[in-house]
1. Just the residues that are more than 11 Å from C:Ile134 (Cα to Cα) and more than 12 Å from chain B (Cβ to nearest Cβ), please, taken from region C:168-190.
2. List every residue pair whose Cβ atoms lie under 8 Å apart, where the two residues are 6 or more positions apart in sequence or sit on different chains, the first residue falls within region C:142-169 and is closer than 25 Å to C:Trp31 by Cα and without any contact (Cβ under 8 Å) to a residue 24 or more places away in the chain, and the second residue, located anywhere, is of a type outside the set (D, E, K, R) and part of a loop (DSSP other than H, G, I, E, B).
3. Scan region B:245-260 residue by residue and report those that are in contact (Cβ under 8 Å) with a residue 24 or more places away in the chain and small (Gly, Ala, Ser).
4. Can B:Leu251 be described as under 30 Å from C:Glu184 (Cβ atoms) and at pLDDT 95 or above?
5. Just one of (1) surrounded by 15 or more Cβ atoms within 10 Å (Cβ to Cβ); (2) farther than 30 Å from C:Met17 by Cβ; (3) modelled with pLDDT of 90 or more; (4) away from chain B (no Cβ under 14 Å) trips up C:Ser306, so point out which.
6. Please find, within region C:15-53, the residue that is farthest from the chain's Cα centre (by Cα) out of those that are of a type in the set (Asp, Glu) and part of a helix (DSSP H, G or I).
7. Output the number of residues of region C:26-43 satisfying the condition of being in contact (Cβ under 8 Å) with a residue 24 or more places away in the chain and within 14 Å of another protein chain (Cβ to nearest Cβ).
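The values are calculated or read from the model by the stated rules, or taken from the named source; none is laboratory data. Source: prediction; values computed, not measured. Counting neighbours? That spans all protein chains shown, and the Cβs are built from the backbone with ideal geometry, glycine included.
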Amino acid sequence: MGEENTFYQEYEIFSKRTPNSAFQHQFSLLAPNEDMALIMAQENFMRREPVADIWIVNRKHLKRMNADEKRTLVRLENKEYRTTKGYGYLKKKWRQYEQEMLDEKEILSWGGERK
Amino acid sequence: MNSDGNLMDPEYKEAVISLLFQLADDDFLYSFRGSEWLGLAPHIEADIAFSSISQDSMGHAAMYYKLLEELGAGNADDLAHYRPAPERRNSILTERVNGQGYYMETPHFDWAYAVARSYFYTQAKKVRIDSLCESTYKPLSEVAVKMRMELYYHKLHWDTWFKQLLSSTDEAKKKMEDAIKLVIDDFGDVFSYGKQKQQIESFGLIGSEEELKAGWKENIEPLFASLQLKVPAIPDHPVKNGRIGEHTRDLEEGLSTLSEVCSADITAVW
Amino acid sequence: MTNANNTTEEKQLEQFMQRIEAGDKIEADDWMPDEYRMTLIKLISMHGMSEIMGALPEKEWVPKAPSLQRKLGIMAKVQDEMGHGQLLLRVTEDLMKPYGKNRADLMQDLFNGDLKFHNVFHMETKTWADAGIIGWLVDGAAIITQTDMLKASYGPYARALQRICAEEVFHAQHGESIILALSEGTEGQKSMVQEALDRWWQPLLMFFGPASKETTGSSKQDLTIKYKIRTKTNEEFRQIFFDKYIPRILSLGLKIPDPTFHFDKNGKLWMYEQPDWNEFKKIIKNQGPRSEARLNLRRQSYEYNSWVRDALSASTS
């Protein structure tokens, strides 16, 4: 059964819908090598959507987290100092100076045309 | 040249129709044989990928039959399903069964033959489509441009299978070489234009048989060189020339399956 | 086993069941009791292989399909079935990792008869109307069980089912399209549909499995419900199928081939004559009309072309 093991290697498939989208994970397939995985990827998982690019990654190249390691991902919810939630009081402050607050909506609109 | 059959020079129109039947019947039969592999490929993921190529090819056949319909040759579905073997213009390569014992309960479909046939067919299709993109018959050049987009994948797919099997085990190499021989034996009529050759070529509908053969050879030479194999020679005289209606029993059996349901009632709508 | 070990295992099981009750999703790397793993492997491998084997009766209709569009439609549908099989086998393969089994083992289990597939795919397909009935009613039946399991406790299965259910919508419409064309066609076409329905009626009833394990001696439904892989019983699924499809079947002028069939307003249940469950038992043991032939076909092709897998195993990257 040795040779059957190397024929059935596990590949994770990632793709971009359009040239400007981010890569997203699709699914996994079995293939003997990368080139084979590549010629099977789109037809297996993306038959009904546009595809601009594909990444093939053999599972053995992925670093995964076990249950213990996943515990290192937990954080306390006491970090208002780095979110806008912590600065909501500014709205009232600026009113005293007859100014509006620069919130997320306002600041993200600055990339557009000058008003 | 537009598709208004009335304004077209009758000789030109006849040449266009003749060529279109060859192109349509080729893809139709190629796709039919490909679809027989559904559920039976040596690997499930590969089965799924192969199926897309069969679908694309059937789609190409449908486009050609539609052009024929627009020229008044008949209804596309009727042209695909009802024309008997002597009227078919496909290369015999595309009509051959997929393996031995085909007509028995559990036939032996040969993957080496599937890959070899598909590789050589796709390489030939590539040179033909590239040439058709310059066809003087505009409706045909337009569909060729569309088909060329899908051929990139077909070519990558079959090049990969062909190359990988031929550079693996001795057993695989032997099976592939045997399959290549079978394919080449039937390759003699692929680039032929049959009785209308002179008109088809002189009207600029597609490049000449000789040009295309040379282009095909040039395209596959690098791969064969890297595999340390000789590019096989296309037989000078085809064993049977499908372009003039010479076909095998394989085609007759295939056609009877293809028309089995609809010929039970040719007036019915399905 | 020391007492300490027992408590740990018991505790894990207790926490696991709490997760299930809370509607948590279990993932491939999570701890799970053997019973849960085995239940999933049996269910999902059967589901996956049913898709793979189901491709064989349907693909017979690709060459015979009576128009270019119908040929394309069936090719696309069969491709989807193989695709569904692929997704489900991948989910199964990840579950089987602790047992050291892989795709090759699954294929062997199928050929040995250790891996079952749905009764409907053991049946003959005689006419073009069968292709329509399969797309319309067999896929319809599958949609009913599959949409329930979209909420399954096992994450990978639920996610695979999302992809699958999205494609089933096209299958249902493709099947309806065929049946409607026939129902609005010639007398020959209309009677073709009725004849096909007559033959498929019992297999459709049996698709959902027996109402209770007394009928055939075993039933997976208790375990799959306990672990929230599904929420309804076999009989509940069958009743929903009737709710959705009986009105449509009758609306086309078709007759249900069961003279006792009716809706009981009091119990709010569809009443029907039980299919032959002994026949079902035989079919599931690969003694159905086409079981042997299809398994042989699949096995032959797999073994005859094993040189392909051997060849490419030698050249890995």
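1. Listed by number, the residues that qualify are C:Glu168, C:Val169, C:Phe170, C:Gln173.
2. Here the result reads C:Leu161/C:Ala152, each pair linking region C:142-169 to a residue that is of a type outside the set (D, E, K, R) and part of a loop (DSSP other than H, G, I, E, B).
3. Hits for region B:245-260 are B:Gly245, B:Gly254, B:Ser259.
4. Considered against the rule, which asks whether it is under 30 Å from C:Glu184 (Cβ atoms) and at pLDDT 95 or above, B:Leu251 comes out as no.
5. The failed condition is (4).
6. Going through the qualifying residues, I end up with C:Glu21.
7. 3
Yes/no matrix, rows are residues, columns are (1) outside any helix (DSSP H, G or I); (2) farther than 25 Å from C:Ser291 by Cβ; (3) not hydrophobic (A, V, I, L, M, F, W, C):
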residue: C:Ala55; (1), (2), (3): no, no, no
residue: C:Pro66; (1), (2), (3): yes, yes, yes
residue: C:Lys101; (1), (2), (3): yes, no, yes
residue: C:Asp139; (1), (2), (3): no, no, yes
residue: C:Leu150; (1), (2), (3): no, yes, no
residue: C:Ile164; (1), (2), (3): no, no, no
